[in-house]
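In what follows, a single structure is set out as structure tokens and then discussed.
The values are calculated or read from the model by the stated rules, or taken from the named source; none is laboratory data. These figures come from a predicted structure and were not determined experimentally. Cβ coordinates were reconstructed from backbone atoms using ideal geometry, including for glycine residues, and neighbour counts include every protein chain displayed.
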Amino acid sequence: MTDTRTIFFIGKPGCGKGTQAKLLGEHTGWPVFGSGKEFRAISEEDTEVGRKVREEIDKGILSPPWFAMYLYQKALFSIPEGQSAIFDGFNRKVQESVLVVESLSWLSRPFNVVHIAISDEEVMKRIAVRKTEGARADDDFVPERLKEYYKYTQEAVDIFRSAHALIDVDGERPIDVIAADVRAKLGIA
């Protein structure tokens, strides 16, 4: 299983995590599991859980780590042995990042976390553009989402850096240049 890869994307809102995960998936043929997509699908359900998730999305706050990790583990355990995979999200809080490191170490699955770095000003610019193209509900809460990043995600980034799994990528370049850089730093032809 030494050639099996597990890739995660992490970064500020609007940094292009979803876009880069999708592009890498298209390039490699590996499945992409996205926490945002999962949470948005759940938020559309007319259930107690769906309404709670919708409320949190509408406020721009991250869901509890145990919920994100439930979705992560469900996805991880569905991957056939020897299959590589890409995760967009699932690793934004300390508890989540620790569980990612522990679970993949336990499974002896090599992994990397691609941190797409952009400035706060770039976040505001990109979200403004995205809102004109059909906003997501959480796009109305950019300041709150940035606070969540600094309160939780920055510490998760540090955990991945300490685990020698983090790859930093400059996210303020054209999409195709970023994608090529991601592949180069991951050693994917």
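Some notes on this structure:
- Filter pass, Arg92 being in contact with a helix residue (DSSP H, G or I) (Cβ under 9 Å, 6 or more places away or on another chain) and either free of Cβ contacts under 8 Å to residues at least 24 places away in the same chain or among the hydroxyl-bearing types (Ser, Thr, Tyr) (or both): no
- So Leu99, is it surrounded by 15 or more Cβ atoms within 10 Å (Cβ to Cβ), over 26 Å from Thr4 (Cβ atoms) and either in contact with a helix residue (DSSP H, G or I) (Cβ under 7 Å, 6 or more places away or on another chain) or among the hydrophobic types (A, V, I, L, M, F, W, C) (or both): no
- Selection within region 31-61 - under 20 Å from Gln20 (Cβ atoms) and of a type outside the set (Asp, Glu): Pro31, Val32, Phe33, Gly34, Ser35, Gly36, Lys37, Phe39, Arg40
- Looking only at region 134-165, and only at residues there that are of a type in the set (Lys, Arg) and not in a loop (DSSP other than H, G, I, E, B), the one that is modelled with the lowest pLDDT: Arg145
- The residue pairs whose first member lies in region 6-22 and is touching a residue at least 24 places away in the same chain (Cβ under 8 Å), whose second member is surrounded by fewer than 24 Cβ atoms within 10 Å (Cβ to Cβ) and of a type in the set (S, T, N, Q), and whose beta carbons are closer than 9 Å, counting only pairs six or more residues apart or on different chains, are Thr6/Ser84; Thr6/Asn112; Ile7/Thr28; Ile7/Ser84; Ile7/Asn112; Phe8/Asn112; Lys12/Ser119.
- Counted residues, region 40-75 - those being of a type in the set (Gly, Ala, Ser) and exposed (fewer than 14 other Cβ atoms within 10 Å of the Cβ): 1
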